[in-house]
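Below: one structure, written as structure tokens.
The values are calculated or read from the model by the stated rules, or taken from the named source; none is laboratory data. The structure displayed is predicted, hence computed values, not measured ones. Note: ideal-geometry Cβ built from the backbone for every residue, glycine included; neighbour counts use all protein chains shown. Each accessible area value is taken on the protein alone, full model and side chains, heavy atoms only, with ligands, DNA and RNA left out. Shrake-Rupley method; radii C 1.70, N 1.55, O 1.52, S 1.80 Å.
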Amino acid sequence: MIYADIIIDISHEKLDRSFQYIVPEALEKEIQMGMVVSIPFGKSNNIRKGYVVGLSGEAKFEPEKMKEICELCSNEETTESRLIALASWMKENYGSTMIQALKTVLPIQETVRAKEKRVICLNISEERAKEILEELENSRCKARARLVRALLDEKRIDHALAVKKLNATTSVVRKLAEEGIIRLETNEIPRIPIDRETVEKTGEFPLTNQQEQAVEEILEEWEKPLPRPVLIEGVTGSGKTQVYMKLIEYVMKQGKQAIVLIPEIALTYQTVQRFCGRFGDKVSVINSRLSQGERYEQFKRARRGEIQIMVGPRSALFTPFNRLGLIIIDEEHEASYKSENSPRYHARETAIYRASLENAKVVLGSATPSLEAFSRAQSGEYALVRLNRRYGNRPLPQVSIVDLREELKAGNRSVLSRKLKDALKDRLNKGEQAMLFLNRRGFAGFVSCRSCGHVMKCPHCDVSLSEHSHGRLICHYCGYEEFKPQKCPVCGSPYIGGFKAGTQQIEQVLKREFPKAGILRMDYDTTRNKGSYEKILASFAAHEADILIGTQMIVKGHDFPAVTLVGVIAADISLNAEDYRCGERTFQLLCQAVGRSGRGEGPGEAVIQTYHPEHYSIQAAAAQDYRAFYEEEMSYRMLLDYPPAAHMMAVLGSCADEELLGQAMHYLELYIRRVYPEKDLHVIGPACAAVGKIKDIYRQVIYLKHEEYRTLVVIKNKLEKYIDINSGFRKIYIQFDFS
């Protein structure tokens, strides 16, 4: 006899577990993991829909007290079944409960009030209406007469318009309806998160020879029996989006659908405009600003086949298309493609697995591919296609590197170097636009010397030490600690401390230096409200401002032809984050920033301000030389066994009791060493997490490094069982994070 573990309803916490049912003999050969079934549930045995998440030959309860599955649901549920299979894979490969994985891939239904449009219609003949109008005018029923007169002209009038312009109150409308003169019609309006009126329809842009060649290479790969994921390495401004559109057009002609992932909401403004301009109402979008109900409605439209293209961030990957043909991940190097909640999945690997379930294709694109993706392209696991020229053969910007140590020696204490200030004056005089970028993301209190640029780093991990209270500097990888020095240990300067600069401070400096310039600021504070991203970007695109200041949200994927200058205020902020990827992140951010300049007719210029002008990531970014950066960075990764040279898993523990958490993490470390004693596994920690305490919850981490990803998954599975059977972990929240 076969028994099935079934989850009933992922939208209710009380049912956030599986229930075991007997599989009838007639269904034993058909039933599979991920299938949707009908089952009797509860004392009243109401028929409910459930998801099969496990099959076993052992009963967890007395079989005579268990109920049987009624039936397998029809083929209409195959899309949902494949998503459930995807959830099962995510649970296994990233570590989480099945319910967490299901809630990630299946949109939870949330009832939202439908948007309705009420229309007033003339319900009688035109001749009769004229007679009634005369009667109403003679009896001085002015409001009713106005409405009937308007209906004689229009036949159908929007109810809201009638109330506003004709002063037709509810009682007036009700009276005419009761007399049969008019009738009210109510139509449901679909919630479409795109303002179609602002979208300018565009035809098909002619592809350059290099773009045509890229499309041909990709289509050739797709013709192979086992097509590989394709990585497009294209310099900024090379026209990757036009290649994406051509590929989408190809799969749509085959009757299939496409998902386009973008790294974050800031990209949706221009990206959605481009896709809607080309494909019209076949496109929809989801983003974090939509409510749960609005997101669910977009997924319903996708399931019903009302749209063929979904554009959105990481969560758009789970759009329930039933004829999925293509998944595109634009700017695939972006950190936002990695989930911060369980399961901590990466969109890249998850997209590839979903594509294998759906027989779909995957295309990745970036000017600065992640080391993981590029190393797989180098090994032949991915196909590599290059676009090394800008669209229209426009030249790449001229890049200058400014040494902030020299600025300090020259007496310039402003956040603007002399070079950048002069360049801004020049652009303002010419009526051109500029963007100033402050790469604050990754800032976690690193300490540096303003005189010589020395950064306090961990002697064991080659990452910067993070400044904590009471003058302590801590490494968040191995737990190394030391006190913050009063003088620089290299040059003896007293000017050593945390770097403090923000977009608001830069805005104030610019207003003092250039009082007549129009300035816009785009950061977390100015984009809290719904639609604020689009409003700021549209204003800058319309040249309503001369200078746009912002964090990394301004340098991702935007195309402003009038921008001929980009200034990077302080490249060292991301360079000295306490993360082994800080060199890679800095290179990618700088390349993206530099790439915003000179995308129109005028030549572009970029100025990078830094305390480390000789650093390889800054030098490579200035030269837009990805290959040089990749070789240098990979040599460090191989030396220290960091991904992609090896695989890494973080075991993250959190608890309100600091002592209990310390004991629990210590026992986990001992258990790891016992179940896998081989020396090829590197275990680091337990140590304080990057942020050791949040809202009175303490956090610690253990890092594991190994050449084989599967070995880490096996260790994760054993840890999950160990945690499950030991009551001491009941108050400890454990997560797994793979790199």
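Which number in (1) within 30 Å of the chain's Cα centre (by Cα); (2) part of a helix (DSSP H, G or I) marks the one condition that residue 693 misses?
Looking at each condition in turn, residue 693 falls short on (2).
Give 583, 600 a once-over and let me know the one that is among the small types (Gly, Ala, Ser) and either part of a strand (DSSP E or B) or surrounded by fewer than 22 Cβ atoms within 10 Å (Cβ to Cβ) (or both).
Testing whether each residue is among the small types (Gly, Ala, Ser) and either part of a strand (DSSP E or B) or surrounded by fewer than 22 Cβ atoms within 10 Å (Cβ to Cβ) (or both) leaves just 600.
For segment 572-613, enumerate the residues that are more than 23 Å from residue 432 (Cα to Cα) and either acidic (Asp, Glu) or at pLDDT below 85 (or both).
Selection gives 572, 573, 574, 575, 576, 577, 578, 579, 584.
Residue-by-condition table, conditions (1) open to solvent by 70 Å² or more (accessible area, probe 1.4 Å); (2) at pLDDT 85 or above; (3) of a type in the set (Gly, Ala, Ser):
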position	(1), (2), (3)
14	yes, no, no
29	yes, yes, no
52	no, no, no
57	no, yes, yes
65	yes, yes, no
95	no, yes, yes
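So, of the residues in segment 667-678 that are part of a helix (DSSP H, G or I) and more than 11 Å from residue 728 (Cβ to Cβ), which turns out to be farthest from the chain's Cα centre (by Cα)?
674
Open to solvent by 20 Å² or more (accessible area, probe 1.4 Å) and farther than 23 Å from residue 417 by Cβ - does that describe any residue in segment 513-525?
yes
Name the residue that is surrounded by the most Cβ atoms within 10 Å (Cβ to Cβ), counting only residues in segment 408-425 that are touching a residue at least 60 places away in the same chain (Cβ under 8 Å) and of a type outside the set (A, V, I, L, M, F, W, C).
Applying the filter and picking the extreme gives 417.
Identify the single condition in (1) surrounded by fewer than 17 Cβ atoms within 10 Å (Cβ to Cβ); (2) of a type in the set (Asp, Glu); (3) within 23 Å of residue 100 (Cα to Cα) that residue 737 does not satisfy, given that it satisfies every other one.
(1)
Mind checking which residues of segment 175-224 are open to solvent by 40 Å² or more (accessible area, probe 1.4 Å) and at pLDDT 90 or above?
208, 209, 212, 213, 216, 217, 219, 220, 223, 224
Going through 125, 139 one at a time, which residue ends up being modelled with pLDDT of 85 or more and among the polar types (S, T, N, Q)? Steps first, answer last, please.
Details: 139 fails: modelled with pLDDT of 85 or more.
Step by step, each of 125, 139 is checked, and only 125 is modelled with pLDDT of 85 or more and among the polar types (S, T, N, Q).
Could you list all residues from segment 385-401 that are crowded, with 19+ Cβ neighbours inside 10 Å and either touching a Pro at 6+ places or on another chain (Cβ under 9 Å) or closer than 20 Å to residue 621 by Cβ (or both)?
Result: 387, 389, 390, 396, 397, 399, 401.
Of a type in the set (Phe, Trp, Tyr) and at pLDDT below 95: is that true of residue 642 in this structure?
It is true that residue 642 is of a type in the set (Phe, Trp, Tyr) and at pLDDT below 95.
Would you confirm, using the coordinates I've provided, whether residue 71 is open to solvent by less than 30 Å² (accessible area, probe 1.4 Å) and among the charged types (D, E, K, R)?
No.
Within segment 495-507, can one find any residue that is of a type in the set (Gly, Ala, Ser), touching a Lys or Arg at 6+ places or on another chain (Cβ under 9 Å), assigned to a loop (DSSP other than H, G, I, E, B) and under 30 Å from residue 458 (Cα atoms)?
Yes: segment 495-507 contains one or more residues that are of a type in the set (Gly, Ala, Ser), touching a Lys or Arg at 6+ places or on another chain (Cβ under 9 Å), assigned to a loop (DSSP other than H, G, I, E, B) and under 30 Å from residue 458 (Cα atoms).
Considering each of 671, 676, 667 in turn, give the residue that is among the hydroxyl-bearing types (Ser, Thr, Tyr), over 24 Å from residue 473 (Cα atoms), touching a helix residue (DSSP H, G or I) at 6+ places or on another chain (Cβ under 8 Å) and open to solvent by less than 40 Å² (accessible area, probe 1.4 Å).
Checking each option against the conditions leaves just 671.
From the residues in segment 686-713 that are of a type in the set (Val, Ile, Thr) and open to solvent by 60 Å² or more (accessible area, probe 1.4 Å), which one is modelled with the highest pLDDT?
Ranking the candidates gives 697 first.
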